[in-house]
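What follows is a short report on a single structure.
The values are calculated or read from the model by the stated rules, or taken from the named source; none is laboratory data. This structure is a prediction, so every number in the text was calculated from the model and none was measured. Glycine also receives a Cβ, built like all others from the backbone with ideal geometry; neighbour counts cover every protein chain displayed.
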Amino acid sequence: MPFTVPRRLQRLDPSGLRGWQRQVLLLFAFVLIAAPFVGYKALNDKQLSVYDEWQYADRVHAVSNGNVLMSDGELISRWGEFVLACRGIERLSEPPPTPCTMPPEGQGTPNYAGSDPPAYFVATGLAAGALHKTGIVDNALNSGRLIGILWAGLSMWCVWLLARTLGANRAASALAASTVVLVPGFLQQYSFITPHALDIPVGAFTALAALKYLRREWPVWVLPIAALTIAGVKGSNIVVAVAIGITFAAVVVWPGVERRDRIRALIGGAVLTVSTMVFFVGHSAAIAATRVAEYPPPGAFIKDELAWDYVILDSARFITSWGEGPLAAPGAWLVMAMCGTAVVAWAGLVPDLTPYARQLAPGYLLGAVIGAILLDVIVFVTSQQQFGVHLRYGLAVFPIGLAFAALLLRTRTAIGLAFVALVLYAAMPALFSLDSIVA
């Protein structure tokens with residue numbers, strides 16, 4: 001008997017909510033909601049983020065000035081040197097005195113962002129260039145940061161779509177989407193310049209593509225598009241490919257699934273896996289072919305051998321809030337809500353689940369754990385380095401967890417309490433002078 005989506009569940013499908021015009025308006029609304037949150041921090045956090053914003057900002061500025069495809073091995077520009085002299089880097093240096101002056105010329109610093117995929121930098125650079133050159137924003141760095149408003153709105157919209165597709169109601173889906181600007185670890189990806197700003201949309205789209213493919217709503221060729229977004233934004237996004245691959249495997253071995261649906265899942269898993277690997281290998285080959293200079297990796301990360309005890313502990317960063325400093329306790333509550341709901345759904349204890357939601361749960365939980373280990377191994381094998389796999393490297397899997405957490409919120413009381421908790425969480429850094437920067 002062919003698989004069909006029940007009429008009641010079709011009403012939950014966001015693609016059928018009065019057409020694409022409604023979705024465009026919803027996306028615009030999320031951008032407006034994100035604007036004050038992202039804009040305030042982008043303009044008021046004067047120092048550069050310790051998490052590579054200096055390199056990322058320089059690459060975005062290069063795109064704004066016509067160097068669209070930066071080659072690996074290029075040096076930080078004189079503009080980048082001036083920005084560093086004027087702003088400094090948080091946690092690494094005190095804010096420089098003003099007025100600042102251009103530093104003397106030296107040997108130059110390699111821009112390590114040159115090896116990253118170009119998608120984020122090209123999109124952000126072109127948009128930031130338009131803001132700056134038209135005079136709307138008079139500071140080039142702030143122009144790049146303010147484009148994060150668009151990426152935050154896009155992230156909120158994608159979380160909304162995934163939560164609705166998974167079966168959450170509108171209010172719960174909206175609350176899940178609001179975490180993008182209310183959880184400090186998420187918000188900082190949009191107020192600074194970083195390609196991690198697109199991780200949540202990549203993860204949500206990949207999960208959405210898998211669900212709709214399994215439900216026979218989207219064709220198989222959508223999966224290579226998802227693979228392209230995974231490889232085309234940031235290498236760490238391979239964690240969501242692992243999660244969805246496990247989901248497809250769960251469908252194949254799940255009791256009671258019809259043979260034709262098992263075969264469909266097997267094909268989907270193979271297509272996503274092969275496409276992701278092809279795009280990753282292709283990007284690596286392109287980087288190697290266009291590299292303009294060799295440079296040594298940061299010496300602090302070079303290791304003679306992989307420390308497996310550290311690798312295992314590292315994976316905990318994806319499923320706990322370890323590394324979130326003073327905000328660890330409320331952050332752990334959010335993580336427990338995400339993982340707890342997934343466990344309950346996996347066990348079949350959540351009523352009225354939409355098709356394939358149960359199989360997505362082991363993909364999310366196991367993918368988060370295995371994904372971190374895989375990243376450690378890939379980095380060591382390709383570059384002889386080992387460094388901490390921080391929360392931001394797992395951002396692509398969090399939309400799935402947020403969508404599961406939204407399934408918990410089935411009453412007005414639950415939604416109200418969750419909203420109050422999120423608002424208090426967002427206010428904690430300002431109320432108690434806490435460091436909200438998350439690794």
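A compact table of results
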quantity	calculated
Residue within region 422-429 that is in contact with a Phe, Trp or Tyr (Cβ under 9 Å, 6 or more places away or on another chain), in contact (Cβ under 8 Å) with a residue 40 or more places away in the chain, surrounded by 16 or more Cβ atoms within 10 Å (Cβ to Cβ) and in the same structural domain as Asp376 (by TED's automatic domain parsing) present	yes
Residue in region 99-112 that is farther than 30 Å from Leu208 by Cα and in a helix (DSSP H, G or I) present	yes
Filter result for the condition that a residue is of a type in the set (Lys, Arg), buried (at least 24 other Cβ atoms within 10 Å of the Cβ) and over 21 Å from Lys46 (Cβ atoms), over Arg170, Arg164	Arg164
Residue in region 216-232 that is out of contact with any helix residue (DSSP H, G or I) (no Cβ under 7 Å at 6 or more places or on another chain), surrounded by fewer than 22 Cβ atoms within 10 Å (Cβ to Cβ), assigned to a helix (DSSP H, G or I) and not aliphatic (A, V, I, L, M) present	no
Of the criteria (1) of a type in the set (A, V, I, L, M, F, W, C); (2) surrounded by 14 or more Cβ atoms within 10 Å (Cβ to Cβ); (3) at pLDDT below 95; (4) in a helix (DSSP H, G or I), which one Ala250 fails	(3)
Subset of region 356-387 that is part of a loop (DSSP other than H, G, I, E, B) and at pLDDT below 95 - its residue that is farthest from Ala207 (Cα to Cα)	Gln384
Some residue of region 182-192 being in a helix (DSSP H, G or I), out of contact with any strand residue (DSSP E or B) (no Cβ under 8 Å at 6 or more places or on another chain), buried (at least 22 other Cβ atoms within 10 Å of the Cβ) and among the β-branched types (Val, Ile, Thr)	no
Some residue of region 139-152 being part of a helix (DSSP H, G or I), under 30 Å from Glu294 (Cβ atoms) and within 23 Å of the chain's Cα centre (by Cα)	yes
